[in-house]
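Here's the structure, in structure tokens; my notes come after.
No lab work stands behind these numbers, since they all come straight from the coordinates. All figures in this text were calculated on a predicted structure; none of them were measured in a lab. Using ideal geometry, Cβ is built from the backbone for each residue, glycine included, and neighbour counts are taken over all protein chains shown.
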Amino acid sequence: MASRPSIRIARKAHFKAEADFATWLMMAKLGSFDDLPANAQAVLLDYRARLEGMSEAESKVAAVREVYTSYYREMGGLGTAPDLEAAAASAAKGAARSPPRMTPPARLAAAAPDRPAGRKSVPALLIFAAMVALIVAYTFLKN
């Protein structure tokens, strides 16, 4: 079983790998393949080569796994990158889980549109005009 710091590094690396791969794929689809870094171009070329032999979903999983492994090593992970699903399953067996947190109700959505708002915002120009008036009044009273 991997230690907690390794799992944290793995989660960060996996999240970054998924985000980067999606970004690289979108940039390639928009015609910016040449602007990508060399490692991104290599991953996308491998991804396209894999598409000939497997489905798009399988090829994407393999590409993300490849990027995840390299990110895991770059971030200081020790050994091979852990499989996050297996780590989550073993953690679920050994630890009691807390109930899911309730999201706080949206106050703005809960307010009825026919009710007047409790506070209205004051425009910046009105605040500026009031400050100028106070400064003028202060200088007039001081003289």
| said: Need the full-extension length gain, GLU58 to GLN41, defined as separation in residues times 0.36 nm minus the C-alpha distance. One decimal, nm. | reply: 4.2 nm
| query | Whole-Hz Karplus ³J(HN,Hα) for segment 132-137, in order, using 6.51 cos²θ - 1.76 cosθ + 1.60 and θ = phi - 60°, x for Gly and Pro? | reply | 5, 4, 5, 5, 4, 5
| Modelled label-to-label distance, LYS142 and MET26, 7 Å Cα→beta-carbon offset: nm? | 5.5
